[in-house]
Amino acid sequence: MPHTHRLDLLDPTLREWDAVVLHVDREQGIVLDRSAFYPGGGGQPPDHGTLLWGGTQTRIAGTRKGDDLYLIPAEGDPLPPVGTAVRGALDDERRTLLMRTHSGLHVLCGVVFRDFGALVTGGNMEPGEARMDFNLTEVPAGFKQTLEESVNVEVAADRPVEVKVLPREEAFAIPDIIRTATNLLPPDLAEVRVVDIIGLDAQADGGTHVASTKQIGRITVAKIENKGRGFRRVRLRLAD
């Protein structure tokens, strides 16, 4: 069976597109020949949206990546038959907020690595809010305020956010390309997708991002938590 062409990785601004149904299963989901639905991964949740076909709507409540990209239909919604031409549409508000949030986490990661030399040990995000854990043994007085000021300086700098796919050897030649304490990339991965906030942070990443840091909007460092054994959790929120 042909595999889904991943439009989400080519153009994260795409919100509507035409496609054809390749496979349908109530439990597994719907497979399209072309899809802009991000399936989730790296802490970024999957997209939501709809498929429009023949005057009918199928709501997409989630997406997952197995041997292909499966769109999960909302319970009780009709399923388009194989071969049906459909119009896909993402929930724009959710996707845009997730892109801003994900790029905000990269700014946070870049600042903490630059200023404190700490690596990421975990993280998670929802639209507009997120957490990131660091192997940071000590924090100075006023750390929360200083960190918030530093990340917002980088946001206001309007740094371009560039995405490129590099051969593995070329990607690993970039200093500190892996910003997690454990390298999670499969050893047989031939190409590495790199997200580069120019002048601040370049790291391997598979998610969707805004085009420049200014599009993130103001970041609030909501809380710093001591998770024990030299780990700190940073919680952030985006301004509306």
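The values are calculated or read from the model by the stated rules, or taken from the named source; none is laboratory data. Because the structure is predicted, anything quoted here is derived from the model rather than measured. Positions of Cβ are generated from backbone atoms using ideal geometry, with glycine treated the same way; all protein chains shown enter the neighbour counts. When the accessible area is computed, the model is the full protein with side chains, heavy atoms only, and any ligands, DNA or RNA have been set aside. Shrake-Rupley method; radii C 1.70, N 1.55, O 1.52, S 1.80 Å.
Here are the numbers:
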| quantity | calculated |
| --- | --- |
| Qualifying positions in the range 207-225 - in a strand (DSSP E or B) and in contact with a Lys or Arg (Cβ under 6 Å, 6 or more places away or on another chain) | T220, V221, A222, K223, I224, E225 |
| Test: D176 is on the phi > 0 side of the Ramachandran plot and either open to solvent by less than 70 Å² (accessible area, probe 1.4 Å) or not in a helix (DSSP H, G or I) (or both) | yes |
| Output for the range 78-97, where each listed residue is hydrophobic (A, V, I, L, M, F, W, C) and in contact with an Asp or Glu (Cβ under 8 Å, 6 or more places away or on another chain) | A85, V86, A89, L90 |
| Test for K164: is it over 21 Å from A118 (Cβ atoms) and either open to solvent by less than 30 Å² (accessible area, probe 1.4 Å) or part of a strand (DSSP E or B) (or both) | yes |
| The range 105-156, residues that are among the hydroxyl-bearing types (S, T, Y) and buried (at least 17 other Cβ atoms within 10 Å of the Cβ) | T121, S150 |
| Cβ-Cβ under 7 Å pairs, at least 6 apart or on other chains, the range 188-208 side closer than 12 Å to C109 by Cα, far side at pLDDT 90 or above and among the hydroxyl-bearing types (S, T, Y) | I197/T213 |
| Selection count, the range 50-91, where residues are closer than 19 Å to P12 by Cα and either among the basic types (K, R) or open to solvent by 80 Å² or more (accessible area, probe 1.4 Å) (or both) | 3 |
